[in-house]
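One structure below.
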Amino acid sequence: MEYLQGTYRVVKIRPGCMCDFTIECPEIAALSKAGQFVHIRVPGFTLRRPISICEVDKQAGTIRILFDIRGEGTKVLANTKEGDLLDVMGPLGNGFELLDPSKKAVVVGGGIGVPPMLETAKSYGENATAILGFRSEDKIVLTDDFTAQKNRVMLCTDDGSAGHHGLVTDLLKVRMEEEKPDIVYACGPKIMLKFVAKMCEEYGVRCQVSLEERMACGVGACLGCATPIKADDGSITYLHVCKNGPVFEAERVVFDE
């Protein structure tokens, strides 16, 4: 796994319900792929914070990250201002496998699992459908960004305040019935991933999922993010989400343990 560590400048902060930073880091941007993440050091905290890469601009030498405030560390990170420097390690992990842009792809994101779907859908343009789920209308992010790169957007909310009132799997079923895609990518809560994977299995569609687990080192040196995965012979082994993932073939993930 090839990654770098350095101090890089935050060049843009966008307003919204999630913290939305663009970081100028040409060396990291040049290596970054859809589905990978960065590990950011927060002053006063021992452990870095893992944050998915939302978007990569290799020409500008930037990456974009979005994150929620989930604890004291991200609360401090949220106070970052434009022009501030961040200690960033990355890109880390294995990303999604992108097929030929002519293939039909569906990306499914739930909540904080939506940001990494933007870069994933980018290469497919109008051949990608983005199924995005949020708790409510005031939590919606990035829909305009998906539309701007010619992705079809299907939106749902838990409370029905915007889009379809229900689950992402409701919309995935609609999309499957319209035209079976070549691949489905998903990131979000594990229960969501479980049912997305099950539906893809029923329809005979390949599915890759990005798992969300608590991480410590971010490079596979500790056991903090070990998760059960099916081996080729059907046995269960434990792999690191940070190093071996976060992306796995859905059929290999053990969701019920």
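The values are calculated or read from the model by the stated rules, or taken from the named source; none is laboratory data. Owing to the predicted nature of the structure, the values given are computational and were not obtained by experimental measurement. All Cβ positions, even for glycine, are placed from backbone atoms using ideal geometry, and neighbour counts span all protein chains on display.
The C-beta contact set for region 195-217 (first residue at pLDDT 95 or above, second residue part of a helix (DSSP H, G or I) and hydroxyl-bearing (Ser, Thr, Tyr), distance under 6 angstrom, 6+ apart or interchain) comprises PHE195/THR169; MET199/THR169.
Spot the failing condition for PHE96; the list is (1) aromatic (Phe, Trp, Tyr); (2) part of a loop (DSSP other than H, G, I, E, B); (3) within 24 Å of VAL11 (Cβ to Cβ), and only one is missed. Here PHE96 meets the rest and fails (3). Of note, MET117 satisfies the criterion of being part of a helix (DSSP H, G or I) and either closer than 30 Å to THR62 by Cα or not assigned by TED's automatic domain parsing to the domain that holds LEU239 (or both).
Would you check if LYS190 is assigned by TED's automatic domain parsing to the domain that holds TYR238, in contact (Cβ under 8 Å) with a residue 60 or more places away in the chain and surrounded by fewer than 18 Cβ atoms within 10 Å (Cβ to Cβ)?
yes
Among residues of region 22-53 being part of a strand (DSSP E or B) and without any contact (Cβ under 8 Å) to a residue 60 or more places away in the chain, the one that is nearest to GLY90 (Cα to Cα) is VAL38. Of the residues LEU85, LEU99, the single one that is farther than 19 Å from VAL196 by Cβ and in contact with a strand residue (DSSP E or B) (Cβ under 7 Å, 6 or more places away or on another chain) is LEU85. Taking the criterion of being hydrophobic (A, V, I, L, M, F, W, C) and either closer than 14 Å to CYS17 by Cβ or exposed (fewer than 14 other Cβ atoms within 10 Å of the Cβ) (or both), the residues of region 67-85 that qualify are PHE67, ILE69, ALA78, LEU85. A single entry from VAL141, VAL108 fulfils the requirement of being aliphatic (A, V, I, L, M) and surrounded by 23 or more Cβ atoms within 10 Å (Cβ to Cβ): VAL108.
Applying the criterion of being in contact (Cβ under 8 Å) with a residue 40 or more places away in the chain and assigned to a helix (DSSP H, G or I) to the residues of region 124-160, the residue that is nearest to GLY113 (Cα to Cα) is LYS139.
For region 76-94, a residue qualifies if it is closer than 17 Å to ILE112 by Cα and either touching a helix residue (DSSP H, G or I) at 6+ places or on another chain (Cβ under 7 Å) or at pLDDT below 95 (or both), but none of them does.
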